[in-house]
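Encoded as structure tokens, the structure appears first; notes follow it.
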Amino acid sequence: MLMQMRKEVLAKRKIKIGYLVPSWQDADVIFFRRQLLIDYTRLDFQVYCYVDGLVASYQEFQDGVSRWRDVSNFSIEKAVQLIHHDRLDILVDLSGYHHNRFWAILGFKPASVQICFVGSYNTTKLTTVDYIFTDKYCDPMGRKEDYFTEKLYRLSQTHFCYTVPQSITPNELPFEENGYITFGSLHHFTRVTDGFLQIWAEILKQLPTARLLLKSRVFGSGASCQEVRYRLDRLGFPVERVELLSVHYADKELYPYIDIILDTFPYTGGETTCEAIYRGIPVLTLAGSQHKGRLGYSILKNISLEECIAQSEQEYIKKALLLAGNSYKLQYLHKNLPERILKSPLMDSPRFVSRVERAYNEIIKLL
């Protein structure tokens, strides 16, 4: 009886969705979800945002939602009380693994239904989180269910939506002028294991003129660089062909010097992968067995870039060598990748928002 009454009430009013939104420092996490705060169906939904400090595109988000709550100076208990008082139908975490404060809030379960979008990691391990949104490529049906304490809700093609952060004019690939291939990786260097670094070393050994450009926060001091070079030398790298750059350089400054991006493993890239592809730079990824190692796979599957997906370490090396040795293929991809991602599900924001809102409705009907 009470359940039936609740459904009748919901049918007569807008559904209230709350989003936990990280600060500008973690803006890359919400970058793939921003359309949910802008293009939602206002006739059917009210959107509440609980923000931990200044957010990138602050005004754009604030103007678009029903309620904007800055909880950066709130205690966990006070934030929980506020959210509970707002009587949400669903509370959604957009912070991923970056934000312990928000996960503490979720632990108190201030909303009857709580959902997380998977970020770079897997389960939250919180029994108070009911669902995790993912997709069929990151988490295929029947696989890895045991890794999650939450129920998996698969959003068919993709569980994120890429939006170009700025006007981008692709540069020419540098190999055309240099006469050699430059590989690059702009992800956190701490994501890369010694075992995977040996794969990169093997690629450079088999391409005697190729170079590797690496960017990471750990390259910010001379002592750190020296330690990393020692590590690379120990793993068999031709260190004289490896350039280490700190985060002083923005990614957009470095893309013009890279021909092929080497995705990291076991944690793969997200925003950097999409941005590289939009600039016409192919990204080579190794598909792992868990979500954290399949984000790159999901992105490339959505743009049908099968030639850059490897299922084993040996295939990763083989595909890197094939791509580096085929200048015509590189030029073709450079010309066509921007349009390919633009027309893919990765940048179809109306479809993405519609699919997420349909999921919200389906989940509420199960209450």
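The values are calculated or read from the model by the stated rules, or taken from the named source; none is laboratory data. Remember, predicted model here, so these are calculated numbers, not experimental data. With ideal geometry, Cβ positions are generated from the backbone for all residues, glycine too; neighbour counts draw on all protein chains shown. Heads up: the accessible areas ignore ligands, DNA and RNA and are worked out on the full protein's heavy atoms, side chains in. Shrake-Rupley method; radii C 1.70, N 1.55, O 1.52, S 1.80 Å.
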### Of (i) 19.1; (ii) 18.0; (iii) 21.0, the label for mean projected area of the Cα convex hull in nm² derived from the coordinates
(i)
### Task
First check a/c for the range 173-325, with a ≥ b ≥ c the square roots of the eigenvalues of its C-alpha gyration tensor; if it is under 1.5, answer rounded, and if not, answer prolate when a/b is larger than b/c or oblate otherwise.
rounded
### Query
Rounded to the nearest 500 deg cm²/dmol, what is the calculated helix-only ellipticity per residue at 222 nm for the chain, with -39500 (n - 2.57) per DSSP H run of length n ≥ 4?
-10500 deg cm²/dmol
### Task
Compute the distance in nm between two label points, each set 7 Å from the Cα along the Cα-to-Cβ direction, one at E253 and one at E60.
2.3
### Task
Go ahead and set up a Gaussian network model of the chain, Cα springs under 10 Å, then flag whichever of A287, A276, A104 fluctuates most.
A104
### Query
Extension gain N100-D146, at 0.36 nm per residue separation less the Cα-Cα distance, in nm?
14.2 nm
### Task
Once you have a ≥ b ≥ c as the square roots of the Cα gyration tensor eigenvalues for the range 266-323, tell me rounded if a/c is under 1.5, and otherwise prolate or oblate according to whether a/b is larger than b/c.
oblate
### Task
Could you go through the range 173-182 in sequence order and give the Karplus-derived ³J(HN,Hα) for each residue, using 6.51 cos²θ - 1.76 cosθ + 1.60 with θ = phi - 60°, rounded to whole Hz, and x for Gly and Pro?
5, x, 4, 5, 9, 6, x, 8, 8, 10
#### Entry: Per residue value of the accessible surface for the chain (all protein chains in place, 1.4 Å probe), Å²
46
### Query
Tilt of helix 313-324 relative to the longest C-alpha principal axis of the chain, in degrees (0 to 90, nearest 10)?
70
### Message
So for each of 337-345, 256-264 I average, over its residues, the number of other beta carbons within 10 Å; can you give me the resulting order with the highest mean first?
### Response
256-264, 337-345
### Task
Summarise the accessible area of the range 115-256 (1.4 Å probe, protein heavy atoms) by the percent that is carbon and sulfur.
48
### Task
Would you grab the residues whose amide H sits under 5 Å from the one on I281? Only those 5+ places off in sequence or on another chain, please, with H modelled 1.01 Å from N.
none
### Message
Beyond a 23 Å Cα-Cα separation, which of these cross-linked pairs lie in this structure: K151/K365; K136/K343; K205/K292; K215/K252?
### Response
K205/K292
### Task
With label points built 7 Å along Cα→Cβ from the Cα atoms of D39 and E240, find their separation and express it in nm.
5.1
